[in-house]
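Written out below as C-alpha cells is the structure these notes cover.
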Amino acid sequence: MSLQSHIALYRHAIAATTASALLLAPALASAAPARTGRWAADSDPAARYLLEQERRWAEDSCTPSSVVKDYIAKDFIGTSPSGLLYRRSAMLTPGTAAPGGEKERDCKLLAAKVRFYGPDLAMVYGYESAVLVKPDGSETTRVLIWTDTAVRRKGKWQVIAVQDMVAPPGWKPADWRVPE
C-alpha cells in the first residue's frame, strides 16, 4: 500500500471517528445516572404535604372535598381495582358511587409512605379502608392497597397515575412492609 493510500485511509478513519463522536455526544450528555430512591423523613415538608393530600383523598368518598381538583393532575389516568382505566373527570362527577352501587362510610387512610426519586418525582405507597353499604343494607369493609405517582410541576405536587387493588382475603396490615 502506498503512502498516499495510508494517508487517505487514516483521514477516513479520523472522519468516521469524529462523525461517530458527534452523533453520540448528545445521547451521552443527556444520559443521567440512574437515580436511586430515598424514603422520606417524617419531617420532610413535601412528604408531609403528600401524605395530607392522600388522607384527604382517602376520605373524599365519604366527605367530599376539593382534593381531586387540587391534587389530581388534569392529565391523570388511574387503574381501578377492576383493571379499568379512568380519568380525573370521572372523579369529579357528583354522586358517583363505588362499583356495584354501594355507598361508602368510615373512609380513612390507614398508612402511607413516600419515596422520592429526585426533587420532582415521588411514589406514595399506602392502604385505606371504607365500609361499603350495599343497596340491600348489608355492609362489608374494603381495604384498598395502592401506589400513587406524584410529580411536582411549577412548584405544585400533583398525582398523575395510580394503581389500586383490593386487599386479598386474609391480608393483614403486618403484611404491608418495605422489603429489604
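From 135, 81, 168, 119, which residue is assigned by TED's automatic domain parsing to the domain that holds residue 49 and either surrounded by 13 or more Cβ atoms within 10 Å (Cβ to Cβ) or of a type in the set (D, E, K, R) (or both)? Walk me through how you get there before you give the answer.
Details: 135 fails: either surrounded by 13 or more Cβ atoms within 10 Å (Cβ to Cβ) or of a type in the set (D, E, K, R) (or both); 168 fails: either surrounded by 13 or more Cβ atoms within 10 Å (Cβ to Cβ) or of a type in the set (D, E, K, R) (or both); 119 fails: either surrounded by 13 or more Cβ atoms within 10 Å (Cβ to Cβ) or of a type in the set (D, E, K, R) (or both).
Of 135, 81, 168, 119, the one residue that is assigned by TED's automatic domain parsing to the domain that holds residue 49 and either surrounded by 13 or more Cβ atoms within 10 Å (Cβ to Cβ) or of a type in the set (D, E, K, R) (or both) is 81.
If the condition is being in a loop (DSSP other than H, G, I, E, B), within 16 Å of residue 146 (Cβ to Cβ) and in contact with a helix residue (DSSP H, G or I) (Cβ under 7 Å, 6 or more places away or on another chain), then region 63-96 contributes no residue at all.
Being of a type in the set (Phe, Trp, Tyr) and within 18 Å of residue 51 (Cα to Cα): is that true of residue 157 here? In short, yes.
On the basis of being assigned by TED's automatic domain parsing to the domain that holds residue 142, more than 18 Å from residue 151 (Cα to Cα) and either at pLDDT 95 or above or in contact with a helix residue (DSSP H, G or I) (Cβ under 7 Å, 6 or more places away or on another chain) (or both), does residue 60 make the cut? Break it down into steps so the answer makes sense when it comes.
Values: assigned by TED's automatic domain parsing to the domain that holds residue 142: yes; more than 18 Å from residue 151 (Cα to Cα): yes; either at pLDDT 95 or above or in contact with a helix residue (DSSP H, G or I) (Cβ under 7 Å, 6 or more places away or on another chain) (or both): yes.
Yes.
Residues of region 47-90 that are of a type in the set (S, T, N, Q), closer than 17 Å to residue 142 by Cβ and under 14 Å from the mean Cα position of the chain (by Cα): 79, 80.
If you check 152, 105, which single one turns out to be over 13 Å from residue 51 (Cβ atoms), under 15 Å from the mean Cα position of the chain (by Cα) and either in a strand (DSSP E or B) or not basic (Lys, Arg) (or both)?
On the way: 105 fails: under 15 Å from the mean Cα position of the chain (by Cα).
None of the other options fit; the residue is 152.
Residues are listed down the side, and each one gets a yes or a no for (1) outside any strand (DSSP E or B); (2) farther than 19 Å from residue 106 by Cα; (3) in contact with a His (Cβ under 9 Å, 6 or more places away or on another chain):
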| site | (1), (2), (3) |
| --- | --- |
| 131 | no, no, no |
| 135 | yes, no, no |
| 146 | no, no, no |
| 158 | no, yes, no |
| 163 | no, yes, no |
| 174 | yes, yes, no |
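The values are calculated or read from the model by the stated rules, or taken from the named source; none is laboratory data. Bear in mind that the values here come from a model prediction, so they are computed numbers and not experimental data. When we count neighbours, we look across all protein chains shown, and the Cβ atoms used for this are built from the backbone with ideal geometry, even at glycine.
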